[in-house]
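Throughout, read-outs are computed from the coordinates displayed, never taken from laboratory work. Keep in mind that this is a model prediction, so the values were computed, not measured. Cβ placement follows ideal geometry from the backbone for every residue including glycine, while neighbour counts extend to all protein chains displayed.
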Amino acid sequence: MYLAKIHVTLKPTVNDPQGITVQGGLQMLGFNSVKRVRIGKYMEVQVEAPDRAAAQAQVEEMCHKLLANPVIEQYRFKIEEIAAKLSQ
């Protein structure tokens, strides 16, 4: 069993209105050192696969087909092996 820790963020060239709003809010609260905020998504997905390479291939396909929009988003993930008893 494997655990995929997935981070999805907007590509650097894509405007991030939510990040701009959060940045403004932080600055209004006195956090003037904040110069840029980008908002993203974090997901954990448990994958049953025969080996790490198979798990990685499945997660890559998941990200490309559903979890991220490859036109405007980029993603990265890390695969960790987990004990079967922890996943129940």
In straight Cα distance, which aspartates and glutamates are under 17 Å from residue 5, not counting same-chain residues fewer than 8 positions off?
44, 48, 51, 60, 61, 73, 80, 81
If amide hydrogens are placed 1.01 Å from N in the peptide plane, which non-local residues have theirs closer than 5 Å to the one on residue 82?
2, 3
Output wanted: per-residue J couplings in Hz (rounded whole) for region 58-73, from phi through Karplus 6.51 cos²θ - 1.76 cosθ + 1.60, θ = phi - 60°, x for Gly and Pro.
5, 5, 4, 5, 4, 5, 5, 8, 9, 6, 9, 9, x, 6, 10, 10
In whole Hz and in residue order, list the ³J(HN,Hα) couplings for region 20-25 that follow from phi through the Karplus curve 6.51 cos²θ - 1.76 cosθ + 1.60, θ = phi - 60°; x for Gly and Pro.
4, 5, 5, 4, x, x
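At a threshold of 8 angstrom on Cα-Cα distance, excluding pairs fewer than six apart, so keeping six or more, what relative contact order does region 2-87 reach in percent?
49 percent
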Counting only trypsin sites (Lys or Arg not before Pro) that are in a DSSP loop and have at most 13 other C-beta atoms within 10 Å, tell me the longest site-free stretch of the chain.
37-88
Can you list the residues, at least 5 places off or on another chain, whose amide H is less than 5 Å from the amide H of residue 73, using H built in the peptide plane?
11
Ranking 33, 56, 17 by how far each Cα lies towards the positive end of the charge dipole of the chain (+1 on Lys and Arg Cβ, -1 on Asp and Glu Cβ), the top one is 33
Average the reciprocal distances over every distinct pair of alpha-carbons in the chain, invert the result, and give the Kirkwood radius in Å.
14.9 Å
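Compute the length gained on full extension between residue 80 and residue 11: take 0.36 nm times their separation in residues and subtract their Cα-Cα distance, giving the result in nm to one decimal.
Numbers: separation 69, 0.36 × 69 = 24.84 nm, distance 2.53 nm.
Taking 0.36 nm per residue and subtracting the Cα distance, the gain is 22.3 nm.
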If amide H atoms are built 1.01 Å from N in the plane of the peptide, which residues on other chains or at least 5 residues away come under 5 Å of the amide H of residue 39?
19
Using θ = phi - 60° and the Karplus form 6.51 cos²θ - 1.76 cosθ + 1.60, what ³J(HN,Hα) does each residue of region 33-42 get, whole Hz, x for Gly and Pro?
6, 6, 10, 6, 10, 10, 9, x, 10, 10
Dipole magnitude (debye, nearest 20) for the chain, charges at Cβ of Lys, Arg, Asp, Glu
400 debye
